[in-house]
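The values are calculated or read from the model by the stated rules, or taken from the named source; none is laboratory data. Remember, predicted model here, so these are calculated numbers, not experimental data. Please note: Cβ atoms are built from the backbone with ideal geometry, for glycine as well, and neighbour counts cover all protein chains shown.
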Amino acid sequence: MAAMQFKPMLRTLVLLAVAAVLLGSNAAFAHGIADKDAAFVQATHGPAPLPFLYLGAKHMVTGYDHLLFLFGVIFFLRRFRDILLYVSLFSLGHSITLLSGVLIGFGLNGFLVDAVIGLSVVYKAFDDLGGFESTIGRRPDPRWMVLGFGLVHGLGLATKLAALKLNHQGLVVNLVSFNLGVEVGQVIALSILLALILAWRSTRWFGRTAVTANALIMTAGFVLIGYQLAGYFLGARA
């Protein structure tokens, strides 16, 4: 994808996004596990593959932080093999840290991990806007970036599951089922997103609105960062 030449516009978008952090972080909502689902997970003793499969799919379909990032990943991809490659890299990273983060436990702060997830959204929108080529003259390898941020996304969910203190009976089966559910939900969500993008590309105003769409995605990423950092610092003071 050729870099877009609008450096002054990029500076304006970044300023608007930072302003959104200051004005709107309290209005954002962290993507976690719903109270009823959390209660079910905590009360489960022994293997429950089907319920955990459903919960994993539900988490991905409703996971706006994951979907914003993946939306940016596939936004300008046109070949199916490229979409498959990048989605597979994200899934690989997500699965590694989701499973190991719960089974081993890394003791990381969930707010800080989710702040980096917000950063992943900012990164992908900035990348789609041609920001790296316009500012530093070189684009980081998107394959490694998607894999790396996939690791972070999986770690974010692992911190939430670990905080529930899951019962060890059937834990491996339930975690694997949950992870499979996440992949099923990802396929469903991406199919819908891809259909929307393809329909959008067929219109004559795609080129004019693509910049605005990615600017909004980047702003949403900054809002997520601001919300999570506010939660971290407020929690530290409590």
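Of note:
- Pairs with Cβ under 8 Å, 6+ apart, first in the stretch 107-120 and free of Cβ contacts under 8 Å to residues at least 60 places away in the same chain and under 14 Å from K160 (Cα atoms), second exposed (fewer than 15 other Cβ atoms within 10 Å of the Cβ) and among the small types (G, A, S): G110/A163
- The number of residues in the stretch 62-114 being within 13 Å of the chain's Cα centre (by Cα) and among the basic types (K, R) comes to 0.
- In the set G93, G105, only one residue is more than 19 Å from I197 (Cβ to Cβ) and assigned to a loop (DSSP other than H, G, I, E, B); that residue is G105.
- The stretch 124-181 - residue that is surrounded by fewer than 19 Cβ atoms within 10 Å (Cβ to Cβ) and aromatic (F, W, Y) and, of those, farthest from F222 (Cα to Cα): W144
- Looking across the stretch 59-78 at every residue that is surrounded by fewer than 22 Cβ atoms within 10 Å (Cβ to Cβ) and among the aliphatic types (A, V, I, L, M), the one that is nearest to L151 (Cα to Cα) is identified as L67.
- Listed conditions (1) farther than 19 Å from N174 by Cβ; (2) at pLDDT 85 or above are all met by G24, apart from (2).
- If you go through the stretch 95-145 and keep only what is modelled with pLDDT under 90, touching a helix residue (DSSP H, G or I) at 6+ places or on another chain (Cβ under 8 Å) and among the hydrophobic types (A, V, I, L, M, F, W, C), you end up with V102, L103, F106, L108.
- Counting only helices (runs of 4 or more DSSP H) that fall entirely inside the stretch 123-227 and contain at least 2 residues that are touching a residue at least 40 places away in the same chain (Cβ under 8 Å) and among the aliphatic types (A, V, I, L, M), the qualifying elements are 142-163, 171-201.
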